[in-house]
1. Look at region A:118-145 and say how many of its residues are in contact (Cβ under 8 Å) with a residue 40 or more places away in the chain, open to solvent by 20 Å² or more (accessible area, probe 1.4 Å) and more than 12 Å from the chain's Cα centre (by Cα).
2. What tally of residues in region B:140-153 results from selecting those that are facing chain A (nearest Cβ under 10 Å) and not small (G, A, S)?
3. So which of B:E291, B:E306, B:E237 is modelled with pLDDT of 90 or more and either away from every other protein chain (no Cβ under 12 Å) or surrounded by fewer than 16 Cβ atoms within 10 Å (Cβ to Cβ) (or both)?
4. Within region B:154-175, restricting attention to residues that are more than 11 Å from chain A (Cβ to nearest Cβ) and crowded, with 20+ Cβ neighbours inside 10 Å, which residue is modelled with the lowest pLDDT?
5. State the number of residues belonging to region B:63-104 that are part of a loop (DSSP other than H, G, I, E, B) and either in contact with a Ser or Thr (Cβ under 6 Å, 6 or more places away or on another chain) or without any contact (Cβ under 8 Å) to a residue 12 or more places away in the chain (or both).
6. Can you pull out every residue in region B:356-385 that is within 37 Å of the chain's Cα centre (by Cα) and of a type outside the set (S, T, N, Q)?
7. Anything in region B:331-374 that is surrounded by 11 or more Cβ atoms within 10 Å (Cβ to Cβ) and of a type in the set (S, T, N, Q)? List them, or say none.
8. Out of B:D244, B:D280, B:D263, which single residue is among the acidic types (D, E) and closer than 28 Å to A:A229 by Cα?
Amino acid sequence: MVEVLFWPALVAYGEAAFAYATVRTSRAATWGVRLGWLAQTALLAAQVIGADGDFPWSSWAGTLNLFVWFLVGTYLIWGCRPRFRLLGLTVMPLAFALFVVARIGGGTNSKASHYGDLFLVLHVGMLTAAFAGFTLAAGLAALYLWQEHRLKGRAHDILRMRLPPLASLEFLAWRTILVSLPLLTIGLAIGVVRQSRDGGTFDERELLTLVAWIVYGGFLAARPTGRRAACLALGGFVLVVVARVALAGSHFT
Amino acid sequence: MTLALVGLSHHVAPVALRERVTLDLDGAGSLARSLGDAVCLSTCNRTEIYLEGLDEQVAVSALEQLAGESLDGVLYRMQEDAAALHLFRVASGLDSLVPGEGEILGQVRAAYEAADPGPLLGRVFRQAVVVGKRVRTQTSIGESPASVSSAAAALAAQVFGDLRGRRVLLIGAGRISELAAANLASRGAHIAYVANRTLETARELARRFGGQELELGDLGRALADVDVVVTSTSAPEAILRPADVPSKRRAPLFFIDIAVPRDLDPAIGKLDGCFLYDIDDLEAVVAETLELRRAEGARAEQFVVEEAERFKSWRASLEVVPAIASLRARAEEIRSSELAKVDRRMSEDALRTLESVTAQILNKLLHLPTIRMKEAAVTADGAEYADAVRYLFGLEEEAR
């Protein structure tokens with residue numbers, strides 16, 4: 001049952017990834033995002049039911065599955081509009097690829113976790129949601145830099161291939177980070193509490209995540225504008241990616 | 001009931017002639033009502049009179065009276081499907097001077113509402129509005145700017161998004177500045193300052209847009225307070241250089257230089273947060289967007305042809321409708337008279353059942369011929385089928 005739900009979600013994400021390539025098919029792409037996300041939501045629900053209410057995403061692959069759901073969900077809320085087609089062209093192939101990797105790693109089945117800890121559920125859930133938000137913010141920042149480059153370079157097709165205005169991209173990236181940082185803060189705090197309870201040690205991955213937290217915190221506090229803001233959002237994202245890849249190797253074993 | 005069109009447009013008539021036959025909305029409505037079943041569409045690019053069942057000569061006379069001269073060789077005339085197709089193209093902006101301009105759709109709707117047309121004109125104008133809307137919503141033909149001044153405003157919107165509340169500094173108070181200002185203002189921007197060598201000219205333009213005049217020497221102060229700068233002076237050399245631009249700005253600054261020789265040092269465009277477009281850049285952007293309009297025009301033409309086909313089908317179906325109605329009336333008449341012969345010999349229940357059964361038989365029997373006739377009406381055979389039905393069932397004799 002669980003596996004059956006994986007395929008419609010994958011097909012819909014795949015359709016969206018391709019359909020965003022042209023303006024004419026971008027409406028179909030938006031429907032692909034919506035239907036795929038609904039199918040994945042059903043998949044996640046089925047995973048929970050199959051795991052007898054246990055937390056089924058504590059493996060790296062399971063977390064990846066959850067990350068894709070958060071990422072597409074965030075994109076649906078913030079950016080799923082015709083003028084954000086190019087953002088969709090970035091987000092949806094990424095979502096598609098990560099979803100495939102999650103399945104290969106066994107993250108889309110309903111195997112119960114060996115953790116039964118509410119702390120861990122909240123820790124993983126919050127951090128994954130925050131990472132998804134930072135990913136989308138990085139996509140928006142990249143789009144900002146590209147649009148700024150085209151405007152500065154006085155590209156003749158600037159009005160032919162329209163991107164969202166710089167002000168919108170800047171504001172959306174800021175707002176996404178504004179929502180994501182509290183999630184990261186709560187996720188980190190829960191992790192630290194759990195670690196001190198279990199007597200664990202502070203590792204370099206946690207340190208990297210903490211640095212990312214400082215970068216994003218500084219971003220919100222200083223609220224830089226223009227290219228500086230975009231570069232800072234991308235810098236924070238690089239830290240998130242490094243922490244995430246590193247976490248996959250050790251944190252879950 | 002025939003549809004006809006008589007008119008002139010920018011394709012065939014010079015502006016000197018067009019302006020003589022142009023009417024405001026009230027005038028166009030009055031003219032249409034005075035002719036009868038007619039609609040008069042009058043814009044700066046065209047004056048056209050659509051007629052339903054009227055002699056084209058009445059429209060020709062009306063237009064010649066407005067022009068004060070004979071319009072032989074200038075007026076075009078179209079009938080039936082050609083007239084409908086033309087109206088659909090007009091409503092979609094495909095016949096406009098700037099392909100895809102959107103104002104014409106509202107003008108078509110207003111012309112129709114100002115007149116008192118018959119059912120045929122009502123149908124064709126409603127369809128025109130539908131296809132015009134479809135072209136605007138399902139193609140991007142009207143999205144791109146078609147002039148340098150509108151391109152400048154569209155580019156500013158690419159930086160700021162919504163231009164409402166954005167402050168504009170105009171340097172130079174000539175015609176081009178005014179056009180650019182009007183475009184920016186139409187998007188909600190506020191023309192905060194107008195600077196000019198002659199302060200009186202600046203004051204006059206500033207008053208029109210609700211801004212304030214400025215000496216050219218005060219530009220530095222104004223630059224710190226605006227988002228968009230439009231320059232179009234005849235100064236022989238640059239009037240603003242990178243050093244004049246405030247360095248500690250949080251918001252971007254968008255420069256539009258439409259002067260030749262240029263008013264702004266190109267190095268300004270390299271400053272962080274500054275964007276600079278000169279006249280060549282703007283013209284290149286417009287050329288690109290006009291290309292897009294032409295490309296989208298092909299899609300729009302497809303919608304127009306589809307709508308014209310629908311109109312043609314509807315017109316054709318009108319030919320068979322009387323025959324279908326007569327056939328059904330004749331069948332109903334036979335059924336009623338036969339039922340009348342038996343109604344005294346049957347109980348009320350039995351009579352009710354018989355009425356229901358015979359009505360069902362009649363409907364089932366006539367269903368297929370009705371469908372087939374409507375299908376045939378779309379092709380050229382519609383009239384022949386209608387004649388055949390009239391002949392076979394003796395409907396013509398009855399009509400006589």
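1. Count: 6.
2. The number of residues fulfilling the criteria is 2.
3. Working: B:E291 fails: modelled with pLDDT of 90 or more; B:E237 fails: modelled with pLDDT of 90 or more.
None of the other options fit; the residue is B:E306.
4. Residues of region B:154-175 that are more than 11 Å from chain A (Cβ to nearest Cβ), as a first pass: B:164-165, B:167-175.
Then keep just the ones that are crowded, with 20+ Cβ neighbours inside 10 Å; that gives B:168-173.
Working: B:V168: 94, B:L169: 94, B:L170: 93, B:I171: 93, B:G172: 89, B:A173: 82.
Taking the candidates together, the pick is B:A173.
5. Looking only at region B:63-104, we keep the residues that are part of a loop (DSSP other than H, G, I, E, B), and these are B:68-75, B:92-102.
Now restrict to residues that are either in contact with a Ser or Thr (Cβ under 6 Å, 6 or more places away or on another chain) or without any contact (Cβ under 8 Å) to a residue 12 or more places away in the chain (or both): B:69-70, B:72-73.
Final tally of qualifying residues: 4.
6. Those that are within 37 Å of the chain's Cα centre (by Cα) and of a type outside the set (S, T, N, Q): B:I371, B:R372, B:M373, B:K374, B:E375, B:A376, B:A377, B:V378, B:A380, B:D381, B:G382, B:A383.
7. Residues satisfying the conditions are B:S336, B:T353, B:T358, B:N363, B:T370.
8. Details: B:D280 fails: closer than 28 Å to A:A229 by Cα; B:D263 fails: closer than 28 Å to A:A229 by Cα.
Selected residue: B:D244, the only one of B:D244, B:D280, B:D263 that is among the acidic types (D, E) and closer than 28 Å to A:A229 by Cα.
The values are calculated or read from the model by the stated rules, or taken from the named source; none is laboratory data. Keep in mind it's a predicted model, so treat the numbers as computed, not measured. Because the Cβ atoms are built from the backbone with ideal geometry, glycine has one as well, and the counts that use them run over all protein chains shown. Surface accessibility is based on the protein's heavy atoms, side chains included, excluding ligands, DNA and RNA. Shrake-Rupley method; radii C 1.70, N 1.55, O 1.52, S 1.80 Å.
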